[in-house]
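As structure tokens, the structure follows; a few thoughts come after it.
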Amino acid sequence: MSDLFSPVTLGSIELSNRMVMAPLTRNRSSMEGVPQDMSVTYYEQRATAGLIITEATPISPMGHGYPLLPGIYTYAQIVGWKKVTDAVHAKGGKIVIQLWHVGRISHPSLLNGETPVAPSAVKPAGKAFTFNGLVDYVEPRALDASELPGIVADYVQASKNAMKAGFDGVEIHSANGYLLDQFLRDGSNKRSDIYGGSIENRARLLMEVTKAVVDAIGSDKVGLRLSPVNPFNDMKDSDPQAVFNYVTAQLNQFNLAYLHVVEGGIHGGGVADPFDFDAMRKLCKSPYMANLSYDKARGNAAIANGHADAVAYGVPFIANPDLVERFRQDAPLNEADSTSFYGGTEKGYTDYPTL
Ligand code: PHB
């Protein structure tokens with residue numbers, strides 16, 4: 001019987017085990033969005049994960065929403081990432097890059113003075129995380145439909161850049177209240193054109209992005225992440241089950257390498273809506289990657305009972321570079337220090353001890 005330590009193949013990516021390092025924002029790149037040497041070390045240290053999904057990585061300057069994010073749209077960024085993928089591959093690991101556009105979750109000070117863009121001019125509650133600390137969000141500018149092909153093209157170029165940088169694939173970030181999720185959910189999408197209103201219309205941009213990326217680099221190298229009920233970033237929807245069952249069924253046409261699902265609210269956010277993740281899983285014809293607060297026992301159970309083909313672990317991989325070995329041995333885990341999650345030095349980044 002399969003468990004977390006059994007190999008699995010996701011599209012063209014062969015994993016030696018089913019423990020995936022979830023995407024984790026760490027804010028330690030250069031001002032130009034280039035991954036630094038300490039990030040090469042950080043990812044290399046975690047190469048025994050069956051698969052690493054990088055921190056969310058902007059596809060364009062307008063995709064940025066926090067300080068010191070790495071990008072994947074300049075030559076220097078590609079060169080920086082190539083050092084990461086070479087180091088992970090040299091250790092026998094696999095790594096995909098998470099492609100990100102933050103939409104309204106940004107601030108003009110992070111966008112050379114530009115106003116953040118979104119499906120609709122709906123300002124999120126909460127504060128933007130900027131170089132000057134936390135500041136109120138601004139009302140975003142609603143994207144004109146004529147601008148959307150440019151955003152699709154940015155995803156395509158970022159995917160091609162990712163191939164040049166040596167990644168095993170890409171993960172399209174359509175979760176957690178960022179641009180593609182803002183289109184999907186009706187709390188943030190108030191459009192009256194073919195990209196708003198019906199569920200089919202709200203899912204249109206995601207399907208266009210997915211088709212274009214699949215056409216560019218091959219479906220066996222493309223995963224996708226959804227978070228049906230995550231309230232983070234002031235997100236809501238009037239009928240999440242209908243939206244995400246539809247999206248899951250539609251995505252089947254692309255034969256994706258995997259579907260990655262955040263099964264609740266992140267950052268400790270509670271979830272108001274009941275949601276049947278098993279129903280979504282049963283609709284999904286691609287390998288299913290489950291995420292959120294799994295431990296070893298629940299991870300093994302999810303694989304044994306067919307709920308998941310792989311399980312993504314976030315915070316445990318921050319604090320335990322050798323998480324796979326620790327699970328194997330039932331060894332104690334290091335505690336993560338949340339004060340060093342976002343930004344800083346090697347401290348709390350590359351200095352967690354192995355067994
Ligand atoms: C975060 O920085 O808090 C963050 C970034 C990307 C996500 C979720 C959370 O998908």
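The values are calculated or read from the model by the stated rules, or taken from the named source; none is laboratory data. What you see is a predicted model; the values in this text were computed from it and never measured. Here Cβ is always computed from backbone atoms with ideal geometry, including for glycine, and neighbour counts include all displayed protein chains. Accessible surface is based on the protein model in full, side chains and every heavy atom, while ligands, DNA and RNA are left aside. Shrake-Rupley method; radii C 1.70, N 1.55, O 1.52, S 1.80 Å.
Values computed for the structure shown
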read-out: Some residue of the stretch 16-33 being more than 21 Å from SER293 (Cα to Cα), touching a strand residue (DSSP E or B) at 6+ places or on another chain (Cβ under 6 Å) and not in a loop (DSSP other than H, G, I, E, B); value: no
read-out: Hey, MET62 among the hydrophobic types (A, V, I, L, M, F, W, C) and touching a His at 6+ places or on another chain (Cβ under 8 Å) or not; value: yes
read-out: Failed criterion for ASN245 (all others in (1) surrounded by fewer than 19 Cβ atoms within 10 Å (Cβ to Cβ); (2) in contact with a helix residue (DSSP H, G or I) (Cβ under 7 Å, 6 or more places away or on another chain) hold); value: (1)
read-out: Scan of the stretch 48-64 for residues that are free of Cβ contacts under 8 Å to residues at least 60 places away in the same chain and surrounded by fewer than 20 Cβ atoms within 10 Å (Cβ to Cβ), ordered by number; value: PRO61
read-out: Test for ARG18: is it modelled with pLDDT of 95 or more, among the basic types (Lys, Arg), farther than 20 Å from GLY103 by Cα and surrounded by 20 or more Cβ atoms within 10 Å (Cβ to Cβ); value: yes
read-out: Selection count, the stretch 4-54, where residues are under 26 Å from GLU263 (Cβ atoms) and among the charged types (D, E, K, R); value: 4
read-out: Any hit, the stretch 179-190, residues being open to solvent by less than 10 Å² (accessible area, probe 1.4 Å) and hydroxyl-bearing (Ser, Thr, Tyr); value: yes
read-out: Residue in the stretch 84-91 that is modelled with pLDDT of 95 or more and either within 16 Å of the ligand (Cβ to nearest atom) or part of a loop (DSSP other than H, G, I, E, B) (or both) present; value: yes
read-out: Boolean, ASN320 is open to solvent by less than 80 Å² (accessible area, probe 1.4 Å) and either closer than 20 Å to PHE244 by Cβ or within 17 Å of the chain's Cα centre (by Cα) (or both); value: no
